[in-house]
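See structure below.
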Ligand code: A2P
């Protein structure tokens, strides 16, 4: 897949790959962001939950890169759902990041029926209305969701004025979530993969090793190439400069047979079901 092949339905391109910032030790975040910028990453994915927006913002500001060359993403956490709280959460994220707009703001998880019963859909609708207003006010260049299954997206579409531009889901070998990917692509929603390496759980799998050896790649690059082959934008995270480089240069080089072999892997990694989570 070509650079900048990911374009949202409002015409704005999403740089790929993105750089995931979850679980980087606090003292390393600023330096890691600066290093990632040197490697070439321009898309930085954070969230209120990660507790690192201050340090991500610090890294971005310390760099010499003009703001308009960066693509900065954050997410509203589950405790802040609903119209007013979401708007306040957005302002708090901006303040922590030290920015005056975001490129993309996401609902981190859908409210699910398990926790909220019949109210779940309305909660998601009110949270989404806040994102729509932030978008209309020009505070954010694009809005989307994360961990939404097709039925959450269908429900949202019933009251939405603007459809989500992105759905960021858990996606890695052993957890493709093909129905979600296909639904999003059919509806013009860019799919991003969190945990594209399955938190390393998948990297020693013999099928990945075989493809990696044949192609002279690392198994991490096979994961990323496989995602790109499915038209999914990966958000790899690494604090290691060599692995950062490897991840940055992954390309969609797998053939159909290799892609199908990876598709067939049994579930592994986190495999969170958004309808079952308790947080
Ligand atoms: P590190 O930061 O030390 O490189 P995921 O993105 O699926 O959550 O996986 C993140 C984990 O994968 C981190 O532990 C990260 O460790 C590791 N990782 C990132 N890139 C690579 C790579 N190219 N090869 C091996 N492990 C990697």
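Structure notes:
- Note on residue 200 and residue 10: their simple-model spin labels are 3.8 nm apart, each label 7 Å out from Cα toward Cβ.
- Value in Å of the Kirkwood radius, where the chain supplies the Cα pairs that are averaged: 18.9 Å
- Contact order normalised by residue count of the chain, Cα under 8 Å, 6+ apart, percent: 19 percent
- Region 1-100: C-alpha gyration tensor shape, a/c 1.5 cut-off, then a/b vs b/c: oblate
- P(r) tail for region 184-279: Cα pairs beyond 23 Å make up 25% of the total.
- Antiparallel bridge percentage (DSSP; both residues within the chain; nearest 5): 10 percent
- Fully extended contour minus Cα-Cα distance, from residue 116 to residue 151, at 0.36 nm per residue: 11.1 nm
- Residues residue 61 and residue 84, FRET efficiency given R0 of 30 Å [Cβ-Cβ distance, rounded to 0.05]: 0.55
- The distance separating the Cα centre of region 1-49 from that of region 126-149 comes to 19 Å.
- Sum of -39500 (n - 2.57) over DSSP H runs of 4+, divided by residues of the chain (222 nm, nearest 500): -12000 deg cm²/dmol
The numbers here are math on the coordinates, done by the rules we state, and not lab data. All figures in this text were calculated on a predicted structure; none of them were measured in a lab. Reconstructed Cβ throughout: ideal geometry from the backbone, glycine too, with neighbour counts over all protein chains shown.
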